[in-house]
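Okay, structure first, notes after.
The values are calculated or read from the model by the stated rules, or taken from the named source; none is laboratory data. Since the structure is predicted, the reported quantities are computational estimates derived from the model, not experimental observations. Cβ coordinates were reconstructed from backbone atoms using ideal geometry, including for glycine residues, and neighbour counts include every protein chain displayed. Just so you know, the surface numbers come from the protein's heavy atoms only, side chains and all, with ligands and any DNA or RNA stripped out. Shrake-Rupley method; radii C 1.70, N 1.55, O 1.52, S 1.80 Å.
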Amino acid sequence: VVVLFLASWGPVAERLLAPLETRHAPIGSEVDESLLEGEASVDAIVVLGGGWQPNAPYASTSRLNDSSSMRLVEGIRLWRQAPRLPLIVTGASRRAGEASIAEGYAAAADALGVPESAIQVLDWPTDTGREASAVRERLGVGARILLVTSASHMPRAMRHFETVGLSPVAAPTHYLGEYHEPNGLSYWVPSARHLRKTERAIYEALGLLMVGREHS
């Protein structure tokens, strides 16, 4: 009972999650020109896979879950500042016979005005490590990319992409933390919302540990 209380309590959940979500700064409203032009410019924008409901009777944009929606929107925001770059979307299907999240991203991006010629679909990687390898195969070793994923997932994603020989620039989104002074009762009352933050922090911490073991 005590563990459950602490895990779902705002002060604990926020302190567990904040070190992950604040490790990489977000890209502001304007992308640094050095990332878009010159020898040090990036070669592509990469949006990592998430979750979606491929068979739901909704519009393509509504089939994406919260994290996937925010990742794609951030990827499109960055692409609009550099439309010469390919927008690479990744992620395999969770179940045999279903469309992949990468295909879901492509359909939603098309509905949001991104031309089909700008989208590259990598629909076979089943996890972050395989996504990194697939991007390296597509772009080559040493390629510099804008890497878009959830803020809590970014430290692990960066490590995977650096390990395979790529040069990722973090573009985090989908923040779960509340980085302001507590100003309401909800912060101090245990809740499922805070429990989700703790779960995410523990999941990503274990993921980082496994990355280290895989490449040690």
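Here are some notes:
- Pairs meeting the criteria (first residue in the stretch 1-28 and assigned to a helix (DSSP H, G or I) and buried (at least 17 other Cβ atoms within 10 Å of the Cβ), second residue of a type in the set (S, T, N, Q) and modelled with pLDDT under 95, beta carbons under 8 Å, at least 6 apart or on different chains) are GLY10/SER186; GLY10/SER191.
- Considering the stretch 93-104, and only residues there that are open to solvent by 70 Å² or more (accessible area, probe 1.4 Å) and within 19 Å of the chain's Cα centre (by Cα), the residue that is nearest to ILE145 (Cα to Cα) turns out to be GLU103.
- Residues located in the stretch 2-27, provided they are within 20 Å of VAL148 (Cβ to Cβ) and charged (D, E, K, R): GLU21, ARG23
- Residue match in the stretch 180-190 (condition: at pLDDT below 95 and closer than 21 Å to ARG23 by Cα): yes
- Test: residue in the stretch 115-138 that is among the small types (Gly, Ala, Ser) and on the phi > 0 side of the Ramachandran plot: no
- Members of the stretch 42-69 that are assigned to a loop (DSSP other than H, G, I, E, B), in contact (Cβ under 8 Å) with a residue 60 or more places away in the chain and touching a Lys or Arg at 6+ places or on another chain (Cβ under 7 Å): VAL42, ASP43, LEU48, GLY50
Here's the yes/no breakdown for (1) over 25 Å from PRO155 (Cβ atoms); (2) open to solvent by 30 Å² or more (accessible area, probe 1.4 Å); (3) hydrophobic (A, V, I, L, M, F, W, C):
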position	(1), (2), (3)
VAL42	no, no, yes
ILE45	no, no, yes
LEU48	no, no, yes
ASP66	no, yes, no
GLU74	no, no, no
TRP79	no, no, yes
GLY91	no, no, no
